[in-house]
Amino acid sequence: MPVINRIAEYTPEMTGWRRELHENPELGFQEARTSAFVAAKLASWGIEVHRGIAGTGLVGVLRGQGDSRRSIGLRADMDALPMEEANSFAHASKVPGRMHACGHDGHTATLLGAAKYLAETRNFSGTVNFIFQPAEEGGGGGRVMVEEGLFERFPCDAVYGIHNAPDLPLGTASVVDGTIMAASDRIYITIQGYGGHAAKPHLAIDPVMVGAQVMVALQAIVARRTDPLDSAVISICQFHAGSANNVIPDVAELSGTVRTLQPGTRDLMEKLIAQVTEATAAAHGASALVRYERLYPPCTNHTEQTDKAARAAARVLGETGVKRDLPPLMGGEDFSFMLLERPGCFVFMGQAGAERGAVPVHHPEYDFNDDMLPVGASYFATLVEQELPR
Ligand code: NI
């Protein structure tokens, strides 16, 4: 794989950063240590550092040679997950209940590697903005950075990001035009029944039974009310009710997630979930309160920038390593907020090697494959030299 030679030489150092971050995971908007680590590295290479954007977010600004006004944004996420790591290797999480199980430690180290190389070589003309965002895992750190004026303060003609992919082999990348990830929304349902004695159900209104009916009825929206060729997911992941074996509770609480690829389908989901839930509850004499929270819009790549990303990826991985036609994922990604503001492309980089890298993200035995670090950094660096030529 023709990674940039100079970047290949950084691999041991990048691996050190990555493992240091892995050992010290921090949750969204709490990435104080990570943010300070990144800021210190950027500053040590002479990159201008701007901190405190969306709290722990930061941007490093590097100007190339010449006086071009062109600019590019490269983005990494920094947050970890609230889960216990099951790995026992030396760089496993030192923080109970916190784990870098999505590889954001690797994304951060990858972008740092590219920053170090570009600061050293400055073989480009224009400005590179290295965007390190907090809180990708549900907190919407990308949205907050945009709301706090990210692109007004740090103009970017285009913006690019990567995510590691354990289901793709190391040395390949998925670079796909259009919508590549789903809109990710949350639903909260409260079923109000009428509590009572378990042996006298006719004097109560059982919200557990109604909640169960609602759960099943909601699946019929996906099965019967949406186009089978237009993907949608409703997953009810929490169902809380009751406190005893012989008490029909007063209330049941359900919550879950909704994923859609098309804006129209997203609107339809919001409408139908409320309609079906309320009608199902009413059919059994209960009432229901539905709250639909729009979290992340779909992650939609732009055609021109996707072609540019594919060209840069092919320089590193070869034409055969670049997959242009993989189907979208129903996962969410808050880089989508940046793609709503500026054209750009989000790329999945394969990280499954001979021995490691294939454990899925969010699994307690996941680990970022350090062999991907020079690949990802070479991709970012190549993209900059290609898009901001001297
Ligand atoms: Ni992730």
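Some observations on this one:
- When segment 261-303 is filtered for residues that are among the basic types (K, R), more than 16 Å from G331 (Cα to Cα) and assigned to a helix (DSSP H, G or I), only K271 remains.
- Being farther than 24 Å from P343 by Cα and either of a type in the set (S, T, N, Q) or more than 16 Å from the ligand (Cβ to nearest atom) (or both) holds for only one residue in E26, E31, E85, E13, and it is E13.
- Segment 1-30 residues that are part of a loop (DSSP other than H, G, I, E, B), paired with ones that are among the acidic types (D, E) and surrounded by fewer than 22 Cβ atoms within 10 Å (Cβ to Cβ) (beta carbon under 6 Å, 6 or more apart): G28/E137
- For segment 161-187, filtering for residues that are within 16 Å of the ligand (Cβ to nearest atom) and either among the basic types (K, R) or in contact with a Cys (Cβ under 7 Å, 6 or more places away or on another chain) (or both) leaves 2.
- Scanning segment 369-390 for residues that are out of contact with any Ser or Thr (no Cβ under 9 Å at 6 or more places or on another chain) and within 16 Å of the ligand (Cβ to nearest atom) yields a single hit, N369.
- Filter result for the condition that a residue is closer than 26 Å to V384 by Cα and within 16 Å of the ligand (Cβ to nearest atom), over F132, F124: F132
- Single residue of D334, D367 found to be in contact with an Asp or Glu (Cβ under 6 Å, 6 or more places away or on another chain) and assigned to a loop (DSSP other than H, G, I, E, B): D334
- Close contacts from segment 84-96, counting a first residue that is in the same structural domain as P364 (by TED's automatic domain parsing) and a second that is outside any loop (DSSP other than H, G, I, E, B) and surrounded by 13 or more Cβ atoms within 10 Å (Cβ to Cβ), with Cβ to Cβ under 6 Å and a gap of 6+ residues or different chains, come to E85/M99; H91/R19; H91/H22; H91/E23; S93/M99; K94/E23.
- Hits in segment 311-331 - residues which are more than 16 Å from the ligand (Cβ to nearest atom) and either modelled with pLDDT under 95 or assigned to a strand (DSSP E or B) (or both): V322, K323
- Among the candidates V322, V347, residue that is surrounded by 23 or more Cβ atoms within 10 Å (Cβ to Cβ) and touching a helix residue (DSSP H, G or I) at 6+ places or on another chain (Cβ under 8 Å): V347
- With respect to being touching a residue at least 40 places away in the same chain (Cβ under 8 Å), among the polar types (S, T, N, Q), away from the ligand (no atom under 16 Å from the Cβ) and not assigned by TED's automatic domain parsing to the domain that holds E253, T190 falls outside the description.
- When residues of segment 140-160 are limited to those that are touching a Leu at 6+ places or on another chain (Cβ under 8 Å) and either not assigned by TED's automatic domain parsing to the domain that holds Y117 or not β-branched (V, I, T) (or both), the one farthest from the ligand (Cβ to nearest atom): Y160
The values are calculated or read from the model by the stated rules, or taken from the named source; none is laboratory data. Every value quoted in this text rests on a predicted model; they were computed, and no experiment measured them. Positions of Cβ are generated from backbone atoms using ideal geometry, with glycine treated the same way; all protein chains shown enter the neighbour counts.
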